[in-house]
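The values are calculated or read from the model by the stated rules, or taken from the named source; none is laboratory data. Keep in mind the model is a prediction, meaning the values are calculated, not measured. Note that each Cβ is placed from the backbone with ideal geometry, even for glycine, and that neighbours are counted across all protein chains shown. We work out accessible area using only protein heavy atoms, side chains counted, and drop any ligands, DNA or RNA first. Shrake-Rupley method; radii C 1.70, N 1.55, O 1.52, S 1.80 Å.
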Amino acid sequence: MDLAGRPVALRAVEWERLFRPRGVVVVGASETEGSQQRAQYLQIRDRLGARGARIVPVHPTRATVLGDTAYASVAAVPDDVDVDVAVVLVRDPLPVVEECAARGVGFCIVFSAGFGETGTDEGRAKQARIVELGRGAMRIIGPNTNMNIFEPWRDDLPGRKLAIVT
């Protein structure tokens, strides 16, 4: 860090943990027909599960979600699940993000809103906390993000390859 507390070098990133995760927890996975939480859980289960990732739903009161064994918290997920990615789909994500950091999760994708964009003191405090958590070993994508990162990639098109980074 420099004298102002800014990093003078980039941190190393274990991209394999994001793009080829061994284990993914989906906090807030739901069975509710038509809900965003159900749609996101199914997308992750289908796409990352097809790539060999172990997908684990986290729900505080359900023993299963869509037939899959669920756990009440990230901490309750068995130690034999190498959690590389956590997807957070709950209204109050900060306790979950803190739990993920304590567990050693590699990437935490925060779908939830209610941070600095609200323009409130509470939102700014939440934003400051998530920025603080993001300075640790765990990388945070979001808040207010989506799951485009897990969209299927077409590899059947001719010509040069193109990457878009936004």
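The candidates ARG47, ARG38, ARG20, ARG91, arranged from most to least accessible area with a 1.4 Å probe in the full protein assembly, appear as ARG91, ARG20, ARG47, ARG38. Give me the distance between the Cα centres of the range 8-41 and the range 95-166, rounded to whole Å. The distance from the Cα centre of the range 8-41 to that of the range 95-166 comes to 9 Å.
Ignoring ligands, DNA and RNA, how do TYR71, TYR41 rank by accessible area with a 1.4 Å probe, largest first? Each step should come with its number before you reach the end.
Details: TYR71 60, TYR41 0 Å².
Reading off the accessible areas and sorting them downward yields TYR71, TYR41.
Leaving out ligands and nucleic acids, note down the accessible area per residue over the chain with a 1.4 angstrom probe, in whole Å². Present the calculation step by step, with values, prior to reporting the outcome.
Numbers: 10150 Å² over 166 residues.
Value for the chain: 61 Å² per residue.
Here are some values of P(r) over Cα pairs in 5 Å bins from 0, in percent: (1) 2, 7, 14, 17, 16, 14, 11, 7, 4, 3, 2, 1, 1, 0, 0, 0; (2) 1, 7, 12, 12, 10, 9, 8, 7, 6, 5, 5, 4, 3, 3, 2, 2, 1, 1, 1, 0, 0, 0, 0; (3) 2, 8, 17, 20, 20, 15, 10, 6, 3, 1, 0. Which one was computed from this structure? After the calculation, the listed value that fits is (3).
For the chain, what is the mean residue ellipticity at 222 nm derived from helices alone (per DSSP H run of n ≥ 4: -39500 (n - 2.57); sum divided by total residues; nearest 500 deg cm²/dmol)?
-8000 deg cm²/dmol
Near GLY136, once Lys and Arg are set to +1 and Asp and Glu to -1 for all other residues with Cβ below 11 Å from its Cβ, the sum equals +1.
Applying 1/(1 + (r/R0)^6) with r as the Cβ-Cβ distance of VAL131 and LEU157 and R0 = 30 angstrom yields a FRET efficiency of 0.20. In the chain, the portion of solvent-accessible area held by carbon and sulfur atoms comes to 53 percent [1.4 Å probe, whole percent, DNA, RNA and ligands not counted].
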